[in-house]
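Peer 1: Sharing a structure below in structure tokens format, with a few things to ask.
The values are calculated or read from the model by the stated rules, or taken from the named source; none is laboratory data. What you see is a predicted model, and the numbers here were worked out from it, not measured in a lab. Here the Cβ is made from the backbone with ideal geometry for all residues, glycine too, and neighbour counts use every protein chain on show. Please note that ligands, DNA and RNA were not included when accessible areas were found on the heavy atoms of the full protein model with its side chains. Shrake-Rupley method; radii C 1.70, N 1.55, O 1.52, S 1.80 Å.
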Amino acid sequence: LVLNGRRLLFQPELAAASRLDACECAARALRLALALDEAEPLSSPRLVAFLDAASSLKAVRLDGLDEEQKLAFFLNVYHTMIQHAYSLLGPPSSLLKAISFFNTIAYQVGGDVFTLAELEHNVLRAPSCRPKSFFSKWVLPKSSYSFALTTADYRLNFALSCGSASGLATVPVYQPTLLGAQLDAVASAFLARTVAVSCHSGGG
């Protein structure tokens, strides 16, 4: 189910969109997504602006992006897709529905199409070890993408927020020039909220 299809981009528009900065397009789409109210009217100019921004991602060029630019770009696209899907369909209500949700919700980006699951596991986490459980082997997609990341980053475990109760309440709009500091801040915030350390003096 490709969600960012409000506008069809014909050749002149494709040519214009391909000259846009990919990272700024993704950042703008996420900013607009985060600004939407829970019950945004269909006629709302803010909603139309967001849907148009999401549509523009179809034509951005990904070749030439370095690793930090790709990471910032795809993190912003992931969270835009989450916001878009939750606004349109609401969150999945069970584990089975969640599996279908993440393997069905898709965007067309840079001339290719990927689902939320493909974006997470085959683009963002592509260089990381895949889960070894029998269940994961059946559920996780096996697609490959030429623009997938090539360097693993453990901070993705804290940066990716799918809207679950265990995630952070807010997500930043990632910028390539600030990416390291942003990822460190997110990791620190997550650990501060979920991890407690107690020290005990040793007994005699």
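Peer 1: Which residues, taken from the stretch 90-108, are over 17 Å from SER164 (Cβ atoms) and under 12 Å from the mean Cα position of the chain (by Cα)? Quick ask: steps written out before the conclusion?
Peer 2: Our first condition is that a residue be over 17 Å from SER164 (Cβ atoms); within the stretch 90-108, this holds for 104, 106-108.
ALA106, TYR107, listed by residue number.
Peer 1: If I filter the stretch 168-188 down to residues being in contact with a Phe, Trp or Tyr (Cβ under 8 Å, 6 or more places away or on another chain) and more than 22 Å from ASP66 (Cα to Cα), which single residue comes out as surrounded by the fewest Cβ atoms within 10 Å (Cβ to Cβ)?
Peer 2: This residue is LEU168.
Peer 1: With the structure loaded, tell me whether ALA196 is without any contact (Cβ under 8 Å) to a residue 60 or more places away in the chain, outside any helix (DSSP H, G or I) and not hydroxyl-bearing (Ser, Thr, Tyr) or whether it fails that test. Spell out how you get there, then give the answer.
Peer 2: Numbers: without any contact (Cβ under 8 Å) to a residue 60 or more places away in the chain: yes; outside any helix (DSSP H, G or I): yes; not hydroxyl-bearing (Ser, Thr, Tyr): yes.
Criteria met by ALA196.
Peer 1: Among the residues of the stretch 107-115, is any on the phi > 0 side of the Ramachandran plot and surrounded by 18 or more Cβ atoms within 10 Å (Cβ to Cβ)?
Peer 2: Start the filter on the stretch 107-115 by keeping residues that are on the phi > 0 side of the Ramachandran plot, which leaves 110-111.
Of the ones still in play, those that are also surrounded by 18 or more Cβ atoms within 10 Å (Cβ to Cβ) are 110.
The answer is yes, given that some residue of the stretch 107-115 is on the phi > 0 side of the Ramachandran plot and surrounded by 18 or more Cβ atoms within 10 Å (Cβ to Cβ).
Peer 1: Please pick out the residue among LEU57, LEU124 that is closer than 21 Å to GLY163 by Cβ, crowded, with 21+ Cβ neighbours inside 10 Å and in contact with a Gly (Cβ under 8 Å, 6 or more places away or on another chain).
Peer 2: Numbers: LEU124 fails: in contact with a Gly (Cβ under 8 Å, 6 or more places away or on another chain).
The match here is LEU57.
Peer 1: Considering the stretch 124-157 alone, what residues qualify as being among the aliphatic types (A, V, I, L, M) and farther than 22 Å from LEU168 by Cα?
Peer 2: ALA126, VAL139, LEU140, ALA148, LEU149 - these are the residues of the stretch 124-157 that are among the aliphatic types (A, V, I, L, M) and farther than 22 Å from LEU168 by Cα.
Peer 1: Hey, among ALA59, ALA27, ALA17, which residue is modelled with pLDDT under 95 and closer than 21 Å to LEU116 by Cβ? Before the answer, list the steps.
Peer 2: Numbers: ALA27 fails: modelled with pLDDT under 95; ALA17 fails: closer than 21 Å to LEU116 by Cβ.
Result: ALA59 is the single residue among ALA59, ALA27, ALA17 that is modelled with pLDDT under 95 and closer than 21 Å to LEU116 by Cβ.
Peer 1: Given the structure, is LEU34 at pLDDT 95 or above and either buried (at least 21 other Cβ atoms within 10 Å of the Cβ) or closer than 22 Å to LEU9 by Cβ (or both)?
Peer 2: On the way: at pLDDT 95 or above: yes; either buried (at least 21 other Cβ atoms within 10 Å of the Cβ) or closer than 22 Å to LEU9 by Cβ (or both): no.
For LEU34, the condition - at pLDDT 95 or above and either buried (at least 21 other Cβ atoms within 10 Å of the Cβ) or closer than 22 Å to LEU9 by Cβ (or both) - is not met.
Peer 1: When the stretch 144-153 is examined, which residues are found to be open to solvent by 40 Å² or more (accessible area, probe 1.4 Å) and touching a residue at least 12 places away in the same chain (Cβ under 8 Å)? Spell out how you get there, then give the answer.
Peer 2: Start the filter on the stretch 144-153 by keeping residues that are open to solvent by 40 Å² or more (accessible area, probe 1.4 Å), which leaves 144, 146, 150-152.
Of everything in the stretch 144-153, those that are open to solvent by 40 Å² or more (accessible area, probe 1.4 Å) and touching a residue at least 12 places away in the same chain (Cβ under 8 Å) turn out to be SER144, THR150, THR151, ALA152.
Peer 1: Ok, one more. Of everything in the stretch 162-180, what is modelled with pLDDT of 95 or more, assigned to a loop (DSSP other than H, G, I, E, B) and hydroxyl-bearing (Ser, Thr, Tyr)? Give them in sequence order.
Peer 2: Correct list: TYR174 only.
Peer 1: Now for a different question. Quick check: anything in the stretch 130-144 within 16 Å of PHE73 (Cα to Cα) and either outside any loop (DSSP other than H, G, I, E, B) or out of contact with any strand residue (DSSP E or B) (no Cβ under 6 Å at 6 or more places or on another chain) (or both)?
Peer 2: To start, the set of residues in the stretch 130-144 that are within 16 Å of PHE73 (Cα to Cα) comprises none.
No, that holds for no residue.
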